[in-house]
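The values are calculated or read from the model by the stated rules, or taken from the named source; none is laboratory data. Treat the numbers as computed from the prediction; the structure is a model and nothing was measured. Here the Cβ positions follow ideal geometry from the backbone for every residue, glycine too, while neighbour counts run over all protein chains shown.
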Amino acid sequence: MRKIILVVFVGLLISLSTNAQNLQTVIKTEALKMARALSAMDFQAYSQFVYPTLLSDPQNKELIRKGIDSVEKYRKEFGVKVKSVLIGNPSAVITYKNVMQCAIPQTTTIEAFMGSITTENTLIALSKDGKTWYFVDALVYKQKESKSKLPELSPQLVIPDMKPPVIHTNESGKN
């Protein structure tokens, strides 16, 4: 009898571990799709990964539009381009108010003719079904207005402080 219970228990642990690994893989895969859209400056594709409550808010929609306009302006004027977006491994998934969520480290390097800047920040991944994942920059969440639009965010979710950006200047002004 003990052997049967032990076998069932071990099987359950393996099943839970496999499901957790699969979920981590899904989250990272979706984050990488979002990163590719950002790198390509494909804002139509990128907007599919913005959490719906933030996208439906007229104020946030306007901020996103202004942000895209600014990026386009700087891209053309200064040759700004996203050199790389690296996605780290997701933290453990927490379910709070029926929303699965975790934190994911992201490192972004942006280039321009005068040099590059590398930032390390945290994304918050959110999903109601475990298949469709949305991402919010933790800096956005820390703003009082945005925090009120994400009431389903768990207080147990650990969001590390953002590291200062690293700036590399080119001596010649060219990359």
Quiz item: Can you name the residue in segment 104-118 that is touching a Phe, Trp or Tyr at 6+ places or on another chain (Cβ under 9 Å) and not β-branched (Val, Ile, Thr) and is also surrounded by the fewest Cβ atoms within 10 Å (Cβ to Cβ) among such residues?
Solution: PHE113
Exercise. State all residues of segment 131-152 that are in a loop (DSSP other than H, G, I, E, B), at pLDDT 85 or above and not hydroxyl-bearing (Ser, Thr, Tyr); if no residue qualifies, say none.
Key: LYS131, TRP133
Practice problem: Please indicate, with yes or no, whether at least one residue in segment 114-125 is in contact with a Ser or Thr (Cβ under 6 Å, 6 or more places away or on another chain), touching a residue at least 60 places away in the same chain (Cβ under 8 Å) and not in a loop (DSSP other than H, G, I, E, B). | Solution: yes
Exercise. Would you mind telling me which numbered condition in (1) touching a Gly at 6+ places or on another chain (Cβ under 6 Å); (2) at pLDDT 85 or above PHE113 fails?
Key: (2)
Quiz item: Any chance segment 164-175 includes a residue that's at pLDDT 85 or above and assigned to a loop (DSSP other than H, G, I, E, B)?
Solution: yes
Quiz item: Going by the structure shown, is VAL50 at pLDDT 85 or above, surrounded by 13 or more Cβ atoms within 10 Å (Cβ to Cβ) and out of contact with any Lys or Arg (no Cβ under 6 Å at 6 or more places or on another chain)?
Solution: yes
Quiz item: Any residue at all in segment 59-81 that is in contact with a strand residue (DSSP E or B) (Cβ under 8 Å, 6 or more places away or on another chain), modelled with pLDDT of 90 or more and not charged (D, E, K, R)?
Solution: no
Quiz item: What are the pairs, 6+ residues apart or on separate chains, where a residue within segment 75-86 that is over 9 Å from MET41 (Cβ atoms) has its Cβ under 6 Å from a residue that is among the hydrophobic types (A, V, I, L, M, F, W, C) and surrounded by fewer than 16 Cβ atoms within 10 Å (Cβ to Cβ)?
Solution: GLY79/PHE113
